[in-house]
Each structure stands twice: as C-alpha cells, then as structure tokens.
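Visitor: Take this structure, written in structure tokens, and hold onto it; I'll ask about it next.
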C-alpha cells in the first residue's frame, strides 16, 4: 500500500527513559514469520490490544512489533498525565450524559492499568496527585470557565484557586486563576509502559526495533514488510497512532504534530522551598498551544511546549524555547540548563475524533489520540479487539468522535500554519 519512509527515528532520546536503569530490548525480527494476528505499535494501545486478543483467543499466534524500544518510543515520551476523566478539549457541559459515559469507561480503564502495574512488580512512580489547570489571560480564563462548567455539571470534585492560592501551591506568579481536579494520576511514563509490557503473555512474540515499512493485502490476510523479514498475518492491528498514515491508513485524517519536553536537573532544596507547598504536581494549559508543567517527586521541573509540523525541530531551537517558557513561569529559578530534552509525535485530527475500527477486511486501526493516548488509548485498543471478535462494545465514534477529512498537501500545511499563527496570537499570553 505504501513505502514507509518516516517511521519514528527521533534525534533526541527520551528523558524519562534516560532516568531509568538500562533495559535489554527484545530482539528485532530477523526471519520470515507467520502468525494469526500482528499488532504494529507496542505502546499503550498495542499492548492493551495484544493482551485482550490473547484473553479472548488464547490459542491465537500473536506478534507485536515496534519501530523503537519499550520506553523510548512515544509512550515513554509524553508528560505522564493519566486522566480518569475527559480532557479539557473534549469536555462539553452540554452533552453531560455522553461525557459521564466516557468518564466511567476511562475510570475503569485507569483502575485496570493500576492493577497491572502493581502486578508487574516493577517500581513505578505513579501517584494520584490530581492536576491543575491555569489561565494567564482572558483567552485562558474563558477555557477554564468551560471546564469548570463541565466538572460542575458532571458532579466531579474540583477546587477553584485565585492567583495567590495557586502561587502558594506551585510557586508561580504567572497565572491569574487556576482549578484543581483530583481525578488524574501522574506517572513516570517510561517506567509505566515498561511495567505494562512486562506482563505480555509468553505466547505473544515481541520484536523491538522492527519497523513496519509496507502493507500488502493478500487473499489469506496481510503481509507486512519489515527491514529484515516479511510477516504474514491473518489479522492486522495498527496501534502506531499517527504513523499509521505512513502505511496508507488515515492519511486524509491524521497529521503528526511534534511537541517537546525538557527536564531540569534535581534542584537544590533551597530552590524547591521557593516553589510552593506541593512536592509533586502537574499543570495542564487552558490553551492548546500553552505549556504543560510538572514537578516530580525527585525534585525536578518538567516543561512541555512548542509544536512543529510533521518533523522534529532543531535541538537548539527546542532547548531555548523550553527554557524561556520555564523561566517566564519561575523567574526565581537560578541559572540552569535542561538536563534532558526530547520530542514526540502526537497524532492530531481536525475535529479531535478518532481513526478507529475495521478499515479493510481483517485490518483494524486505532489512531488519532490528540494528546490523550495513555488511558484513552488503552481503552480504545481493548475495545477494538472486542469489536474484532464480534462482541458488543460502546459506540466509539459517538462517544469519542470520528476523525474528519483534512485537505491534502500543500493545502494542509498552509492551513496548519495559518491556524497556528492565529492561535499563537490569540493565546500569546498563555505560551
């Protein structure tokens, strides 16, 4: 269907993964393989799909491949927010019944993730610390009000904070107003995905550093070309998010947005004492181009911000931009250099809906996480497999949306640049 040229090949290593002990990767595939089911993408969605397929069809031969390594790919590159309730961008107080249904599904999935991490025996920093949302301008305040209305309509616990109260919690004067919601876990994402991968059934064959380069539909199923070998599979699951479009699936629905994160060194105790009362917290922006922040339990600050279209930005530009955003929020910080800096590709769709379902006979896809690929991605991977087995599942397009069409290049890139320019100007005080 398509020769794939841009599978994940990041220039910068994941900072989260770099903080962990070295891990020996599973061998790359080196010879031809035939299986009942092949799953492409060993992240939150792919691992969930592999486990669920095994539980429903324990006799099936299942292979799971990933272009990178567990912890180094996209699942280990996010900010580590595992939300039990809807993202702010998804929250709609006018559709509260639908949102409550989504929240119940997400909360149940979060409980399953916690149980698996506990069963793995791995040491994972994961805590129900809740999350802040904060606004620095009128644009942010309007978004904050909408999210507060959703939480109130849903009967969800939350706390409103003025600038002084928020500063006492997180140590920043940058924001005018904030909101705290307890329904979020903060995790070391690379450690979490390592733990989940360790519980893959022994019968599931895992091949890391094995990129899918090309898909070919055959009378007996699907053939996948990898760098060193072919894989023949009766059923195929694409759980590689935005990179599914490089294999010809979702190309008119998905765009790769690269976002960037940086971690400070462990800060001195005297510095931490001036950074508020909370020793572990996370903050999500009220504007989609704003900055995500975290303070980790080992005394670091993390900032995630900036975007680039379809390819990774130069390292120098990333580091400079991230440091400026952190310094704007915490001018009391001493001079420092980020210890780790990295990027990751997020699968965005125009309307926020998912690319999900059976796209061709025996070809199942879950893509377009729109920045919420941890808990929601885990849920959608499980539901995709259940649907493939003919089980009755919730109406995913109705609950989470169906990705809409986007124009082809070069119109898509031009539209993105125009929209990003407008949004950056509107939300310039939130950046």
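Visitor: Quick check: the angle from helix 96-120's long axis to the longest principal axis of the chain, C-alpha only, nearest 10 degrees?
Guide: That helix lies at roughly 80 degrees to the long axis.
Visitor: Over 5 Å intervals from 0, what percent of Cα-Cα pairs in the stretch 131-198 sits in each interval?
Guide: Final binned percentages: 4, 15, 22, 18, 15, 10, 9, 6, 1, 0.
Visitor: With only alpha-carbon atoms counted, please give the Rg and Dmax of the stretch 139-298, in Å.
Guide: When restricted to the Cα atoms of the stretch 139-298, Rg and Dmax are 22.3, 67 Å.
Visitor: So what is the diffusion coefficient of the stretch 329-378 in µm² per second by Stokes-Einstein at 37 °C and 0.692 mPa s, using a Kirkwood Rh over Cα pairs?
Guide: 230
Visitor: Would you kindly calculate the translational diffusion coefficient of the stretch 215-344, applying Stokes-Einstein with the Kirkwood radius from alpha carbon pairs, for 20 °C and a viscosity of 1.002 mPa s, and quote it in µm² s⁻¹ without decimals?
Guide: After rounding, the answer is 121 µm²/s.
Visitor: To the nearest µm²/s, what D does Stokes-Einstein give for the stretch 52-199 at 4 °C and 1.567 mPa s, using the Kirkwood radius over alpha carbon pairs as Rh?
Guide: Translational diffusion coefficient: 74 µm²/s.
Visitor: Cβ neighbours within 10 Å, averaged per peptide: list 148-159, 226-237 in order, most packed at the top.
Guide: The packing order, highest mean first, is 226-237, 148-159.
Visitor: Mind computing the radius of gyration and Dmax over the alpha-carbon atoms of the stretch 261-302? Å is fine for both.
Guide: When restricted to Cα atoms, the stretch 261-302 yields Rg and Dmax of 11.0, 33 Å.
Visitor: How long are the semi-axes of the equivalent ellipsoid of the chain, taking √(5λ) for every eigenvalue λ of the Cα gyration tensor, in whole Å from largest down?
Guide: In descending order the semi-axes read 35, 23, 22 Å.
Visitor: Still on this model: When only Cα pairs under 8 Å and 6 or more residues apart are kept, what is the percent relative contact order across the stretch 41-121?
Guide: Once divided by the residue count of the stretch 41-121, the mean separation gives 24 percent.
Visitor: Separate question: With everything on Cα atoms, drop me the angle between helix 411-426 and the longest principal axis of the chain, reported from 0 to 90° to the nearest 10.
Guide: Between the helix axis and the principal axis of the chain, the angle is about 20 degrees.
Visitor: Next question, about the same structure. Tell me the mean residue ellipticity at 222 nm calculated for the chain from its helices only (DSSP H runs of n ≥ 4, each -39500 (n - 2.57), averaged over every residue, nearest 500).
Guide: Rounded to the nearest 500, it is -9500 deg cm²/dmol.
Visitor: Rg over Rh of the stretch 100-145, using C-alpha atoms and the Kirkwood radius, what does it come to?
Guide: Checking Rg against Rh, the ratio lands at 1.19.
Visitor: To continue, here is another question. Above 14 Å lies some portion of the pair distances; for the stretch 212-279, what is it as a whole percent of all C-alpha pairs?
Guide: 72
Bear in mind that the values in this text are calculations on the coordinates, not laboratory data. Values in this document were obtained by computation on a predicted structure and should not be read as measured data. Every residue, glycine as well, gets a Cβ built from its backbone with ideal geometry; the counts of neighbours run over all protein chains shown.
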